[in-house]
Amino acid sequence: MNARERIQELADRIVVLRDAYYRGSPLVADAEYDVVEDELRELVGAHPDLAPDPNPLEQVGAPGVLHAPIRHSRPMLSLEKATRPEQVAAFFGRFPGQPVVVMPKLDGLSLALVYENGRLARAVTRGDGTTGDDVTTLVRALADGVPKRVGAPGRVEVRGEAVMLRSTFSAYNVAHPDKPLINPRNAAAGTLRAKDPATVAERRLQFFAFDLDTDPDTAETDLHVALTTLGFAVADMRHRDDADSAQAVIGEIERQRNELDYDLDGAVLRLADRDAYAAAGTRSNSPRGALAFKFAAEEKTTVLSDVVWDVGKTGKIAPVAWLEPVFVGGTTVTRATLANQEVIKARGIRIGDTVLVRRAGDVIPFVAGVLDASKRTGAEREIVPPTECPSCAQSLTEQGNSRELFCTNVACPAQTVRRLVHWASRAAADLDAIGGVWIERLAEAGILEHPSDFYALTRETLLEFDRIGEVSATRMVESIDAGRQVGLRRALIGLAIPMASEGTATRLCRAGFGSLEEVADSSLEDLVAVEDIGPKVAASLIEHLTRLRPELRRLRQRGVSLDVREEDLPPVVAAGAPLAGKTVVITGAISDPRSGEKVARPTFQRLCEKAGATTATSVSANTDMLITGADVGASKLTKAEKLGVEVVDQGGIWQQLIAAGIA
């Protein structure tokens, strides 16, 4: 390693160590920190021309505040979506004679980097498109591909995508098997939402630029040339002059997507000339000079090596396919759902078959069918459903037309763990610092059996386990304390009562029930009187809440709120409601643009209702608007197009909700 590289490495290390120190979680002893700082000071003294910019040796005191809101100089808009070649042709038709760059649509976190007189001044997340979070400290310490200086005067703003490379993602998970990252996209977002840079020091991100704005303007108008001249990496930009050749590049990107070191979910077409792009202007929530072509769900073939029968939180026994590893939909898949024994029978699937595995975005992969049954060798085996529970060996029952199997033993160990994991999930108590691995270990040790047992955990108890340190134990206990305010709706979701959905919990709150005990005390007639709650759901609620009365008492004794929360009551429509009179359908994964965090569908629905909308679950002739998030399936989009329903990206709705003070 040469002097320049070592100086930068030490400077980045000091930023991480110093930030951790000022946040109360020092990573090293003071003497060890001094050694790092002394080495940097000595190297800079010997090579003053190689001094880092900014130089941490010249900074005094605590670093700047992370995540402070910063208003963008111009909005960071969503892109118009396309799924068909005709839409690509229409895009070229709007700009005759203009060259277009085609590039991968990276699946990461959008950033704006602002340089002033050559120096990196700010790094800001996309946020709501108007205002983002200041993540300058994190980007300087944790991102590759972000030059500390650029050779351009005045103000330069470069926009792009920060991604976690697949190779980095894999290496991190190998090093952290106890708490692996879910996927590269979530890992990138989580890294730049972190409050403690020291906890993510190993999560190097890569920045790829896709936009440039300079003041004073540079003479170079070609986007690709201008970005690379400034020293930025770009993700395979290719110039094309017509729709057919652009569509060919899109097809090539889609075919190569599994061979690349980054995740992508489509391709972007954008006017190559910066002046032409600026002149094209914008719509309400998207630039006119760019288009996002979304790829279809991925489907790959692999061998079904075995089938195991998994015990769920309600006792449902579901078949899970064990597959020879196959890379599909942005991740390596080794397990996939088979739904139930009737689906297995209908699709004619056997162990040993070469099967089609389909996955789109964050959707659970599933076995879509057998590739070619005529090529069977005779070694394939029938998939035989179990007659007893794989966990507790109790006899199973069949329910419904799909002949779904259930274990009715409430003391079944596998059900216990799954119920505990479900209680801790975001939709219920949201005990985000306690992962499923630790819940399983604590259950095996006899410490966790009921949801109320979470609230008896202490730092001292947790520190008795290997691989739980002071910081982790503290975060777990803090997460548990915050989870005491769970409330009626989320507590009912967390108890995983059969046939009682999230919608059931919402309807009970809006029907006037004040507490979970009040629901438990209700008669069948009281519950059936609630809209859309039928006799079977009501009977299931009464049966299971009667059995759970001791647990409700334990939860209360440990300070857990089971009362209805204001957020669960019928929404008060805001004055000047921007969606008044609109019937909307929401599809795809929803995330808050200010933080990048995923938002539960019911939460987003409530925000839309506060904005005056009526929410529905399916597109019909009565639908006014289809609101799309990430990883949207084709069915609702196709139906909306057929019926002439307006399709609106979630970004535009978030802007209206925020402007109206609703979100």
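Quick notes
- Within the range 224-251, residues that are within 23 Å of D265 (Cα to Cα) have Cβ atoms under 6 Å from residues that are among the small types (G, A, S) and in a helix (DSSP H, G or I) in these pairs: R240/A246; A243/A89, counting only partners at least 6 apart in sequence or on another chain.
- The number of residues in the range 244-260 that are at pLDDT below 90 and not aliphatic (A, V, I, L, M) comes to 6.
- Residue tally, condition assigned to a strand (DSSP E or B), charged (D, E, K, R) and within 24 Å of the chain's Cα centre (by Cα), over the range 222-279: 1
- Residues within the range 292-347 that are more than 30 Å from V410 (Cβ to Cβ), assigned to a strand (DSSP E or B) and among the hydrophobic types (A, V, I, L, M, F, W, C), tallied: 9
- Some residue of the range 408-416 being under 30 Å from T603 (Cβ atoms) and of a type outside the set (A, V, I, L, M): yes
- Where E460 falls short, out of the listed (1) without any contact (Cβ under 8 Å) to a residue 12 or more places away in the chain; (2) within 25 Å of P550 (Cβ to Cβ); (3) acidic (D, E): (2)
- Where T416 falls short, out of the listed (1) surrounded by 14 or more Cβ atoms within 10 Å (Cβ to Cβ); (2) of a type outside the set (G, A, S); (3) in a strand (DSSP E or B): (3)
- In the set L66, L40, only one residue is assigned to a loop (DSSP other than H, G, I, E, B), at negative phi and either modelled with pLDDT of 85 or more or surrounded by 15 or more Cβ atoms within 10 Å (Cβ to Cβ) (or both); that residue is L66.
- Any hit, the range 112-128, residues being in a loop (DSSP other than H, G, I, E, B), in contact with a strand residue (DSSP E or B) (Cβ under 9 Å, 6 or more places away or on another chain) and in contact (Cβ under 8 Å) with a residue 60 or more places away in the chain: yes
- Looking across the range 91-111, the residues that are under 17 Å from D213 (Cβ atoms) and modelled with pLDDT under 95 come down to S110, L111.
- Residue match in the range 576-593 (condition: out of contact with any Pro (no Cβ under 6 Å at 6 or more places or on another chain), surrounded by fewer than 16 Cβ atoms within 10 Å (Cβ to Cβ) and at positive phi): yes
- Helices (runs of 4 or more DSSP H) lying entirely in the range 517-624 (those with 3 or more residues that are modelled with pLDDT of 90 or more and under 30 Å from Q656 (Cβ atoms)): 601-610
Let's see how each residue does on (1) free of Cβ contacts under 8 Å to residues at least 24 places away in the same chain; (2) outside the structural domain of A445 (by TED's automatic domain parsing); (3) in contact with a helix residue (DSSP H, G or I) (Cβ under 9 Å, 6 or more places away or on another chain):
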position: Q485; (1), (2), (3): no, no, no
position: G494; (1), (2), (3): no, no, yes
position: A500; (1), (2), (3): no, no, yes
position: T504; (1), (2), (3): no, no, yes
position: F513; (1), (2), (3): no, no, yes
position: P535; (1), (2), (3): yes, no, yes
position: R549; (1), (2), (3): no, no, yes
position: L555; (1), (2), (3): no, no, yes
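- Of all residues in the range 166-173, one or more are of a type outside the set (S, T, N, Q) and under 26 Å from V268 (Cα atoms).
- Residue match in the range 630-651 (condition: under 19 Å from the mean Cα position of the chain (by Cα), β-branched (V, I, T) and surrounded by 15 or more Cβ atoms within 10 Å (Cβ to Cβ)): yes
For every residue, the table says whether it meets (1) surrounded by fewer than 22 Cβ atoms within 10 Å (Cβ to Cβ); (2) in the same structural domain as A279 (by TED's automatic domain parsing); (3) touching a His at 6+ places or on another chain (Cβ under 9 Å).
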{"residue": "A112", "(1), (2), (3)": "no, yes, yes"}
{"residue": "E116", "(1), (2), (3)": "yes, yes, no"}
{"residue": "R126", "(1), (2), (3)": "no, yes, yes"}
{"residue": "T131", "(1), (2), (3)": "yes, yes, yes"}
{"residue": "V146", "(1), (2), (3)": "no, yes, no"}
{"residue": "E161", "(1), (2), (3)": "no, yes, no"}
{"residue": "M164", "(1), (2), (3)": "no, yes, no"}
{"residue": "T168", "(1), (2), (3)": "no, yes, no"}
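- Among the residues of the range 128-159, those that are at pLDDT 85 or above and on the phi > 0 side of the Ramachandran plot comprise G145, G154.
- Top-ranked residue of the range 419-444 - restricted to ones that are assigned to a loop (DSSP other than H, G, I, E, B) and surrounded by fewer than 22 Cβ atoms within 10 Å (Cβ to Cβ), ranked as nearest to the chain's Cα centre (by Cα): R426
- Test: residue in the range 643-653 that is over 25 Å from S110 (Cα atoms), part of a loop (DSSP other than H, G, I, E, B) and not acidic (D, E): yes
- Flag for T458 being closer than 24 Å to V560 by Cβ and crowded, with 16+ Cβ neighbours inside 10 Å: no
- Hits in the range 69-99 (condition: in a helix (DSSP H, G or I) and surrounded by 18 or more Cβ atoms within 10 Å (Cβ to Cβ)): V88, F91, F92
- The set of residues from the range 625-641 being in a helix (DSSP H, G or I) and not polar (S, T, N, Q) comprises A634, K636, L637, K639, A640, E641.
- For the range 469-483, a residue qualifies if it is more than 21 Å from R558 (Cβ to Cβ) and in contact (Cβ under 8 Å) with a residue 12 or more places away in the chain, and the qualifying residues are V471, S472.
- Within the option set F366, F327, F295, being free of Cβ contacts under 8 Å to residues at least 40 places away in the same chain, surrounded by 15 or more Cβ atoms within 10 Å (Cβ to Cβ) and touching a strand residue (DSSP E or B) at 6+ places or on another chain (Cβ under 8 Å) holds for one residue only, F366.
The values are calculated or read from the model by the stated rules, or taken from the named source; none is laboratory data. Quick caveat, the model's predicted, so the values are computed rather than measured. Note: ideal-geometry Cβ built from the backbone for every residue, glycine included; neighbour counts use all protein chains shown.
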